[in-house]
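Below: the structure, in structure tokens.
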Amino acid sequence: VTWEKKTEIANNGEQVSAFVVGDVVLQYLETLAPEETAKQVVVAKDSQSLRSIYPLLNGRMHVESLLDSGSQIVSTSHEKAQQAGLIWDPDIVIYMQSANKGLEKSLGLARNVSFLIGDMTVLLQVHVLREPAYDMLLGRPFDSLLQTYVQNFADGRQVITLTDPLTNRRITVPTFAKGTAKLLANSAKMEKETTPSKSTEQGFQITSRI
């Protein structure tokens, strides 16, 4: 996987200066001569990753993103791609192989999708899948660029340290169990519905930033 810092047009049409992460499928296709026919590219479909982070996707929404160092690609669901306003190329496709050896064709590749984590912005190439078991999956391209270092604790917590490729400045980001955002959102909603009126709640308010 290749990456470099340059000014590019992001998927949402904005011109940004960021680290652009390459994609293994695109790199393979670029090596083909004009008369060559691309072979069918197959990657694993299922993921066993259980921890996630919540980057700002395409400057529009925070998306639960599973960390999976075993995946060769970065991928997202068709639903989240639409919600985030992504534009993808339907001619760049791969085939996902599930545990039962079945193959499913991807919908295309969204180029230069911006991910904001803290104050770090990177552009990733994201494969759009029809109905994966996740919203977003961050595979090896993400790990390679940000030199991810994962630390686990006895109480079940996990944090991930990311390194800025340009300055070598590091940030540590907490990770969450899959589905945490939905649980927090439902909890906040229930709390709001059962909280007394402002005249009796003494100025306290529960909010969710996820």
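How much solvent-accessible surface does I87 expose, in Å² to the nearest 10, with a 1.4 Å probe and all protein chains in place?
110 Å²
Would you kindly state how much longer the chain becomes between F153 and A38 on full extension, computed as 0.36 nm times their sequence separation minus their alpha carbon distance, in nm to one decimal?
This chain segment gains 36.9 nm when fully extended.
All other residues with a Cβ under 14 Å from the Cβ of G156 taken together, and with Lys, Arg as +1 and Asp, Glu as -1, what is their net charge?
With Lys, Arg at +1 and Asp, Glu at -1, the net is +2.
Quick check: with the 1.4 Å probe, what order do T180, T37 take by accessible area, largest first?
The residues order as T37, T180, largest area first.
Keeping all protein chains in the complex and leaving out DNA, RNA and ligands, what accessible area do you get for S71 with a 1.4 Å probe, in Å² to the nearest 10?
20 Å²
Summing +1 for each Lys or Arg and -1 for each Asp or Glu, what net charge is found among the other residues whose Cβ lies under 10 Å from the Cβ of R111?
Every neighbour counted, the sum reads -3.
How much length, in nm to one decimal, is gained on full extension between R60 and E131, taken as 0.36 nm per residue of separation minus their Cα-Cα distance?
Gain on stretching R60 to E131: 23.4 nm.
When only the heavy atoms of the protein chains count and the probe is 1.4 Å, how do D68, D119 rank by accessible area, highest first?
D119, D68
Could you pull out every residue, at least 5 positions away or on a different chain, whose amide H is within less than 5 Å of the one on R51? Hs are placed 1.01 Å off N in the peptide plane, and Pro or chain starts have none.
So R51 has HN proximity to L67.
Calculate the FRET efficiency for I171 and S69 from the Cβ-Cβ distance with a Förster distance of 22 Å, rounded to the nearest 0.05.
Values: r = 19 Å, r/R0 = 0.84.
Result of the calculation: an efficiency of 0.75.
Label E14 and D89 with points 7 Å out from Cα along Cα→Cβ: what is the distance between them in nm?
Roughly 2.3 nm, to one decimal.
The values are calculated or read from the model by the stated rules, or taken from the named source; none is laboratory data. Here the structure is a predicted model, which is why all the values come from computation and not from measurement. With ideal geometry, Cβ positions are generated from the backbone for all residues, glycine too; neighbour counts draw on all protein chains shown. Protein only, heavy atoms only, side chains kept; ligands, DNA and RNA dropped before computing areas. Shrake-Rupley method; radii C 1.70, N 1.55, O 1.52, S 1.80 Å.
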